[in-house]
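The values are calculated or read from the model by the stated rules, or taken from the named source; none is laboratory data. Note that the coordinates shown come from a computational prediction; the quantities given were computed from them, not determined experimentally. Virtual Cβ from ideal backbone geometry, glycine too; neighbours counted across all protein chains shown.
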Amino acid sequence: MTDLDNSKIKVVGLGRDESTTKMVIDNLEVMGVESVWLCVDSEDFDHANIDLRSTLSASHWLLLDVSSFGMSESLRSAAGAAMVFAELEGAKTAIIIDHQCLMNSEQAWGLVVERIRQIGFISMTSEGRKWIAEIEEVDPKDIGEMLRTRGLVSVVATLNESTSVAEIHHNLGVVAGVTRYADLTELVSNLLVKLPSSSYSEDGIRLSAGL
């Protein structure tokens, strides 16, 4: 796999300042990645005041937290609009399962499922996988394959932050092992940077995940 220079990757993140997505955006900036952060912290935020299409132009990724769909109406509307413009501009949407946030869980997941065909990448900790499994009423070990085959999500990444074992479901199968990345924030950051040049091959995904 030939890595793209970090500066040639562009990621747009949207959400609350105290969020997992913001942590990833901060990490990407340290890595030298072109990153745009759209803060939606106020109840009266109007996404119409942002030129989402222009902001997402030439972007590789739109990054969102699942909690964006289970909190305020302004945040839900902004996240949904951003996904529409991301699709128009050819950017892939990446969703982080931040289940620990206070939110309407079933509403959040239901809205994500409604948009699942627009999502190219979903990441979660093992606790996040358990959270989805409880809503879907399935075994946690089946979540990755379920999102891959039923949802047609290209890449589904799960990290057990206690053991550092990462499991990546992708179009060609599954890769798993101990990752060199310290936590979900670091794993997601590196996947966002390296996946575009990986050709989504098994070797490329393994290298992108630090396995």
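Points worth noting:
- Residues (in contact with a Gly (Cβ under 8 Å, 6 or more places away or on another chain) and under 24 Å from Arg148 (Cβ atoms)) located in region 70-105: Ala79, Lys92, Thr93, Ala94, Ile97, Asp98, His99, Ser105
- Among the residues making up region 150-177, those that are surrounded by 12 or more Cβ atoms within 10 Å (Cβ to Cβ) and over 20 Å from Leu63 (Cβ atoms) are Asn160, Ser164, Val165, Glu167, Asn171, Val174, Val175, Ala176, Gly177.
- Qualifying residue in region 99-116 (condition: without any contact (Cβ under 8 Å) to a residue 60 or more places away in the chain, crowded, with 22+ Cβ neighbours inside 10 Å, closer than 30 Å to Ser54 by Cβ and in contact with a helix residue (DSSP H, G or I) (Cβ under 6 Å, 6 or more places away or on another chain)): yes
- Filter pass, Asp98 being under 18 Å from Val156 (Cβ atoms) and either in contact with a Cys (Cβ under 7 Å, 6 or more places away or on another chain) or in a loop (DSSP other than H, G, I, E, B) (or both): yes
- If you check Ala58, Ala48 for being surrounded by fewer than 16 Cβ atoms within 10 Å (Cβ to Cβ) and in a loop (DSSP other than H, G, I, E, B), only one passes: Ala58.
- In region 102-111, the count of residues that are of a type in the set (A, V, I, L, M), assigned to a helix (DSSP H, G or I) and in contact with a Phe, Trp or Tyr (Cβ under 6 Å, 6 or more places away or on another chain) is one or more.
- Residue match in region 145-155 (condition: outside any helix (DSSP H, G or I) and under 20 Å from Gly210 (Cβ atoms)): yes
- A Cβ distance below 8 Å, combined with a sequence gap of six or more or placement on separate chains, defines the contacts here; from region 3-18, residues that are among the hydrophobic types (A, V, I, L, M, F, W, C) reach residues that are modelled with pLDDT under 90 and in a loop (DSSP other than H, G, I, E, B) in the pairs Leu14/Val40.
- For Gly173: the one exception among (1) at positive phi; (2) of a type in the set (Gly, Ala, Ser); (3) touching a residue at least 40 places away in the same chain (Cβ under 8 Å): (3)
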